[in-house]
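Asks: I have a structure here, written as structure tokens, and I will follow up with some questions on it.
The values are calculated or read from the model by the stated rules, or taken from the named source; none is laboratory data. What you see is a predicted model; the values in this text were computed from it and never measured. Cβ placement follows ideal geometry from the backbone for every residue including glycine, while neighbour counts extend to all protein chains displayed. Surface areas here come from the heavy atoms of the whole protein model, side chains and all, with no ligands, DNA or RNA. Shrake-Rupley method; radii C 1.70, N 1.55, O 1.52, S 1.80 Å.
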Amino acid sequence: MTIKRGGEGWSAWSIMAPALLLILVFIAAPFVLAIALSFTDQRLVPNPRLATRFVCLLNYERIVGDNGFLQAFKNTALFAVAVTPLQSGIALAMAMLVNARLPARNVLRGVYFLPTVVPMVVVSIAWACLFRLDGFFNQLLSFVTFGAAGPVDWLQNESTALPSIIALSAWQGFGFQMVIYLAGLQSINPELYEAARIEGAGRWGEFRHITMPGLRNTHIFVLVTTTIAAFKLFTQVHVLTQGGPRGSTNTVTRYLYEIGFSRGRVGQAAAVAVVFFIVVFAVSMAQRLLLKEDREGRS
Amino acid sequence: MRGLRNGLLAAALAMVGFAASAGEALKVWHHGGRVQAERETIEGILREWSRLNPDYPAEYVLLPEGAYNEQVQAAALANRLPDLLDFDASNYANYAWAGYLEPLNRYYPPEFFERFLPSILEQGLYAPDGQYYSLGWFDSGTGMWINRPALEKAGIRIPKGVDDPWSREEFEDALARLKAAGFDYPLDLKLNYGKGESFCYGFGPIIQSFGADIIDRETWIAAGTLDSDAAVEAMTMVQNWVRNGYVVPASLGDDAFYGSRKAAICYTGMWMWTPHRENLGDALGLVTMPNFKERQVSATGSWCWGVTTASRHKEKVAELLAFMMRDEYVLLTANVSGAIPSTMAAAAQSELYKKDGPMHVLIKQLEDGLGVPRPNHPGYPAITAAVAQAVADIVDGRDVREALSEAAAAIDMDIEDNQGYPPFGDR
């Protein structure tokens with residue numbers, strides 16, 4: 001009996017080993033290192049004339065006292081709060097659309113998934129043209145308002161820059177969630193809809209009482225992954241606004257990049273990473289606690 | 001049997017030894033340049049050297065520009081630096097400080113340096129020991145490119161040489177007239193280049209024109225210099241241009257001056273010669289930097305060469321560098337890249353920069369000592385990042401003094417954190 005249990009444990013460990021090793025080497029070890037570095041003044045390029053010193057909590061004090069960091073943090077949170085429901089909403093709507101018995105729905109599924117396949121840098125550059133002063137959005141605006149509304153410098157304006165990035169990001173990213181929702185929709189038992197229809201439920205009633213509850217686990221998964229992805233916002237901002245105008249689109253990851261790579265302050269960047277990790281971890285834990293997954297299954 | 005094997009081994013070792021002593025290649029690292037022709041020209045020069053010096057042939061190694069600095073730093077960590085290295089002027093002080101580069105003075109007589117432009121020499125001068133660490137084939141320079149007929153029509157005086165620059169009043173009057181004449185954004189400041197090195201490069205001269213600077217070059221303290229009244233005045237002027245709608249917004253792209261012609265004046269460097277000339281033709285003009293308050297200042301600096309401390313044949317590498325810096329090669333490479341030739345003799349023969357050439361004013365500015373190099377300080381990466389941030393914020397309407405003070409504080413904090421970058425702090 002004991003021998004068998006030992007054997008099981010051994011085989012379990014041997015199956016876990018490759019993944020565990022990779023996680024330890026590429027995720028756990030760098031993270032522990034980052035915590036250690038965050039208490040030093042480690043430079044990006046070490047210099048023989050200057051040894052790395054232990055600086056205690058100096059890096060953390062500087063971050064907390066830096067308006068740029070607080071602003072970046074606020075922007076990131078705002079982005080996550082705005083983009084998550086928007087992106088998930090579009091994804092759900094599109095999933096229901098391509099789940100309907102439309103002609104050529106496989107083509108539509110592919111078309112809606114396209115933006116997700118295109119690299120973010122390419123999408124950003126394409127949208128930069130749309131956002132230009134003489135670009136598509138301004139021409140549309142002028143057309144719709146019969147020339148009454150003047151051109152808006154979308155990315156150079158503090159009030160429109162972040163919303164522009166949110167719109168772009170939701171458009172680029174929704175395809176992934178759409179596919180997940182599609183899988184979720186197809187796992188709902190069609191008999192439930194038939195029964196509802198016999199009972200005389202309308203479309204809205206079907207959606208509220210069958211589709212939404214049936215997608216509960218999918219919702220949770222989509223919500224958690226989209227939130228975490230939103231916190232990592234970097235590429236669009238780096239390509240389009242470089243954090244401007246006046247820091248209104250700066251994000252924590254871009255702040256970290258500037259501190260660590262442009263200014264070569266690896267110690268301080270490590271402190272940013274540690275703080276950021278704690279916050280993201282807390283947010284996803286809170287989501288886990290608030291949104292209990294339905295393990296029983298309904299259908 | 002054993003004897004035979006030992007004999008063979010000895011012979012093999014002797015051959016290896018022979019190869020090492022007589023035919024060792026000098027490794028030359030290059031970032032590739034902007035055009036294919038630049039690379040080919042350099043390879044040609046190195047081939048010529050190798051033909052004349054078969055014992056020490058030069059081996060061309062191309063490293064992509066995108067991650068050039070990172071590769072140099074990584075090579076230095078791994079003790080794998082080449083013999084001769086090219087690098088952007090803005091990185092050079094950091095390399096010299098880190099001990100990657102040899103001072104050049106010990107390899108050449110003082111006369112050797114005299115034929116170079118002052119700006120090239122000053123760019124390679126390292127403050128702590130007063131020695132030269134780099135030499136280049138070419139330099140950069142900035143001026144005001146103009147749409148000549150547009151300015152003439154608006155009744156604006158066009159400076160003829162370096163000695164009759166626009167004053168601030170004249171320049172701002174010109175902008176107002178051009179705006180009234182229907183130019184949407186009369187002045188292109190190349191904001192589309194984005195928040196990077198170009199901001200420190202391009203806006204530094206405007207700040208210096210008011211008598212201020214980015215950092216005090218004696219004490220290496222930014223506070224009191226970058227946020228001095230003169231610097232605030234300079235950047236307030238720029239901010240007002242933006243407020244008055246004179247400046248091309250970044251979102252309008254690169255061609256507002258030479259393509260859509262929404263701008264009539266463009267402040268940028270010599271590298272825009274080809275697009276400007278091709279699109280504007282004879283309408284194109286280039287005038288000297290305005291004297292905004294105290295002096296005219298041109299930006300300077302470009303890629304240049306240095307001998308590494310890692311080289312095992314430094315004398316020979318210095319000889320190679322001197323060979324590369326012959327006037328004929330200076331002229332050749334400068335022509336290919338469109339940049340300013342680094343020696344007076346080569347410049348005199350350059351079609352673009354000779355006495356009545358279309359870009360002569362740029363080299364005249366440098367000859368007259370109007371070029372101010374970017375700070376030759378190992379903390380330059382932090383300096384340029386802070387200045388770029390401040391310029392971007394000011395253009396976007398932030399309080400000028402606040403933005404400059406914050407940048408100065410960030411620079412000073414970096415220098416302090418690095419204990420003044422000794423030996424800089426020892427002065």
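Asks: Might you let me know whether the stretch B:77-89 holds any residue that is free of Cβ contacts under 8 Å to residues at least 60 places away in the same chain and touching a strand residue (DSSP E or B) at 6+ places or on another chain (Cβ under 9 Å)?
Replies: Taking every residue of the stretch B:77-89 in turn, none turns out to be free of Cβ contacts under 8 Å to residues at least 60 places away in the same chain and touching a strand residue (DSSP E or B) at 6+ places or on another chain (Cβ under 9 Å).
Asks: With the condition being within 12 Å of another protein chain (Cβ to nearest Cβ), I'd like the helices (runs of 4 or more DSSP H) fully within the stretch B:342-396 carrying at least 3 qualifying residues. Lay out the reasoning, then the answer.
Replies: Numbers: elements: B:344-349, B:360-367, B:380-395.
Answer list for the stretch B:342-396: B:380-395.
Asks: For the stretch A:201-240, how many residues meet the condition of being in a loop (DSSP other than H, G, I, E, B) and either open to solvent by 60 Å² or more (accessible area, probe 1.4 Å) or modelled with pLDDT of 90 or more (or both)?
Replies: Within the stretch A:201-240, the subset in a loop (DSSP other than H, G, I, E, B) is A:201-202, A:215, A:232-234.
Narrowing the set further to residues that are either open to solvent by 60 Å² or more (accessible area, probe 1.4 Å) or modelled with pLDDT of 90 or more (or both) leaves A:215, A:232-234.
Total meeting the criteria: 4.
Asks: For the stretch B:211-267, which positions are within 13 Å of another protein chain (Cβ to nearest Cβ) and not small (Gly, Ala, Ser)?
Replies: B:Gln239, B:Val242, B:Val247, B:Val248, B:Pro249, B:Leu252, B:Asp254, B:Asp255, B:Lys262
Asks: Among the residues of the stretch A:93-107, write down those that are open to solvent by 40 Å² or more (accessible area, probe 1.4 Å) and modelled with pLDDT of 85 or more.
Replies: A:Ala93, A:Met94, A:Met96, A:Leu97, A:Asn99, A:Val107
Asks: On to the next question. Which residue pairs have Cβ atoms under 9 Å apart, sit 6 or more places apart or on different chains, and have a first residue in the stretch B:92-103 that is within 11 Å of another protein chain (Cβ to nearest Cβ) and part of a loop (DSSP other than H, G, I, E, B) and a second that is basic (Lys, Arg) and open to solvent by 10 Å² or more (accessible area, probe 1.4 Å)?
Replies: That search, which allows pairs on different chains as well, returns B:Gly99/A:Arg49.
Asks: A follow-up question, please. For the subset of the stretch A:20-50 comprising residues that are within 10 Å of chain B (Cβ to nearest Cβ) and open to solvent by less than 80 Å² (accessible area, probe 1.4 Å), which member is modelled with the highest pLDDT? Don't jump to the end; show me each part of the working.
Replies: Within the stretch A:20-50, the first condition is being within 10 Å of chain B (Cβ to nearest Cβ), and the residues that meet it are A:41, A:43-50.
Cutting the leftovers down to open to solvent by less than 80 Å² (accessible area, probe 1.4 Å) gives us A:41, A:43-47, A:50.
On the way: A:Asp41: 89, A:Arg43: 83, A:Leu44: 79, A:Val45: 74, A:Pro46: 73, A:Asn47: 75, A:Leu50: 80.
Going through the qualifying residues, I end up with A:Asp41.
Asks: In addition: Could you list, in sequence order, all residues of the stretch B:408-424 that are more than 10 Å from every other protein chain (Cβ to nearest Cβ) and more than 20 Å from A:Leu44 (Cβ to Cβ)?
Replies: Matches in the stretch B:408-424: B:Ala408, B:Ala409.
Asks: Being closer than 24 Å to B:Phe183 by Cβ, among the polar types (S, T, N, Q), in contact (Cβ under 8 Å) with a residue 24 or more places away in the chain and part of a loop (DSSP other than H, G, I, E, B), is that true of even one residue in the stretch B:238-246?
Replies: If we filter the stretch B:238-246 for residues that are closer than 24 Å to B:Phe183 by Cβ, which is where we start, we get B:238-246.
Still in the list and also among the polar types (S, T, N, Q): B:239-240, B:244.
Retained after the next criterion (residues that are in contact (Cβ under 8 Å) with a residue 24 or more places away in the chain): B:239, B:244.
Now restrict to residues that are part of a loop (DSSP other than H, G, I, E, B): B:244.
The answer is yes, given that some residue of the stretch B:238-246 is closer than 24 Å to B:Phe183 by Cβ, among the polar types (S, T, N, Q), in contact (Cβ under 8 Å) with a residue 24 or more places away in the chain and part of a loop (DSSP other than H, G, I, E, B).
Asks: Quick test of your reading of the structure: B:Ser198 fulfils all but one of (1) surrounded by 23 or more Cβ atoms within 10 Å (Cβ to Cβ); (2) assigned to a helix (DSSP H, G or I); (3) within 14 Å of another protein chain (Cβ to nearest Cβ). Name the failing condition by number.
Replies: Among (1) surrounded by 23 or more Cβ atoms within 10 Å (Cβ to Cβ); (2) assigned to a helix (DSSP H, G or I); (3) within 14 Å of another protein chain (Cβ to nearest Cβ), B:Ser198 violates only (1).
Asks: Here's something else I'd like to know. Quick check on my filter: what residues within the stretch A:94-119 are closer than 19 Å to A:Gly184 by Cα and small (Gly, Ala, Ser)?
Replies: A:Ala95, A:Ala100, A:Gly110
Asks: Residues in the stretch B:1-51 that are of a type outside the set (Phe, Trp, Tyr), at pLDDT 75 or above, surrounded by 10 or more Cβ atoms within 10 Å (Cβ to Cβ) and assigned to a helix (DSSP H, G or I): how many?
Replies: 14
Asks: With respect to the numbered conditions (1) part of a loop (DSSP other than H, G, I, E, B); (2) surrounded by fewer than 23 Cβ atoms within 10 Å (Cβ to Cβ), which one is the sole condition not fulfilled by B:Ala222?
Replies: Just one mismatch for B:Ala222, condition (2).
Asks: Does B:Thr219 satisfy the condition of being among the hydroxyl-bearing types (Ser, Thr, Tyr) and modelled with pLDDT of 95 or more? Show your work before the answer.
Replies: Details: among the hydroxyl-bearing types (Ser, Thr, Tyr): yes; modelled with pLDDT of 95 or more: no.
So B:Thr219 does not fit the description; no.
Asks: Related question: Show the residue pairs meeting these rules: Cβ distance below 8 Å; 6+ apart or different chains; first residue within the stretch A:106-131 and within 14 Å of another protein chain (Cβ to nearest Cβ); second residue outside any helix (DSSP H, G or I) and open to solvent by less than 40 Å² (accessible area, probe 1.4 Å).
Replies: As it stands, the answer is A:Cys129/A:Gly135, since those pairs meet every condition given.
Asks: Then there's this: Have a look at A:Gly247, A:Gly267, A:Gly243 and point out the one that is crowded, with 18+ Cβ neighbours inside 10 Å, touching a Leu at 6+ places or on another chain (Cβ under 6 Å) and facing chain B (nearest Cβ under 10 Å). Before you say what the answer is, go through the steps one by one.
Replies: Working: A:Gly247 fails: touching a Leu at 6+ places or on another chain (Cβ under 6 Å); A:Gly243 fails: touching a Leu at 6+ places or on another chain (Cβ under 6 Å).
Result: A:Gly267 is the single residue among A:Gly247, A:Gly267, A:Gly243 that is crowded, with 18+ Cβ neighbours inside 10 Å, touching a Leu at 6+ places or on another chain (Cβ under 6 Å) and facing chain B (nearest Cβ under 10 Å).
Asks: Would you please name the residue that is nearest to B:Arg374 (Cα to Cα), looking only at residues in the stretch B:168-195 that are within 14 Å of chain A (Cβ to nearest Cβ), in contact (Cβ under 8 Å) with a residue 40 or more places away in the chain and open to solvent by 30 Å² or more (accessible area, probe 1.4 Å)? Explain how you work it out, then say what you get.
Replies: Of the stretch B:168-195, the ones within 14 Å of chain A (Cβ to nearest Cβ) are B:184-185, B:188-189, B:191-195.
Filter once more, so that each one left must be in contact (Cβ under 8 Å) with a residue 40 or more places away in the chain: B:184-185, B:188-189, B:191-192, B:194-195.
Within this subset, residues satisfying the condition of being open to solvent by 30 Å² or more (accessible area, probe 1.4 Å) are B:184-185, B:192, B:195.
Values: B:Asp184: 32, B:Tyr185: 29, B:Asn192: 21, B:Lys195: 17 Å.
Per the stated criteria, the residue is B:Lys195.
Asks: Residue under question is B:Gly338, and the condition is that it be more than 14 Å from chain A (Cβ to nearest Cβ) and at pLDDT below 90; does it hold?
Replies: On the way: more than 14 Å from chain A (Cβ to nearest Cβ): yes; at pLDDT below 90: yes.
For B:Gly338, the condition - more than 14 Å from chain A (Cβ to nearest Cβ) and at pLDDT below 90 - is met.
Asks: Next up: Tell me, please, whether a residue that is touching a residue at least 24 places away in the same chain (Cβ under 8 Å), outside any helix (DSSP H, G or I) and of a type in the set (Gly, Ala, Ser) can be found in the stretch A:277-299.
Replies: Yes; the residues of the stretch A:277-299 include at least one that is touching a residue at least 24 places away in the same chain (Cβ under 8 Å), outside any helix (DSSP H, G or I) and of a type in the set (Gly, Ala, Ser).
Asks: Specify the residue that is nearest to the chain's Cα centre (by Cα); the eligible residues are those in the stretch B:299-340 that are of a type in the set (Ser, Thr, Tyr) and assigned to a helix (DSSP H, G or I). Walk me through it before giving the result.
Replies: Going residue by residue through the stretch B:299-340, those that are of a type in the set (Ser, Thr, Tyr) are B:300, B:302, B:308-309, B:311, B:329, B:333, B:337.
Okay, now just the ones that are also assigned to a helix (DSSP H, G or I), so B:329, B:333, B:337.
Working: B:Tyr329: 19, B:Thr333: 15, B:Ser337: 13 Å.
Looking at the filtered set, the residue picked out is B:Ser337.
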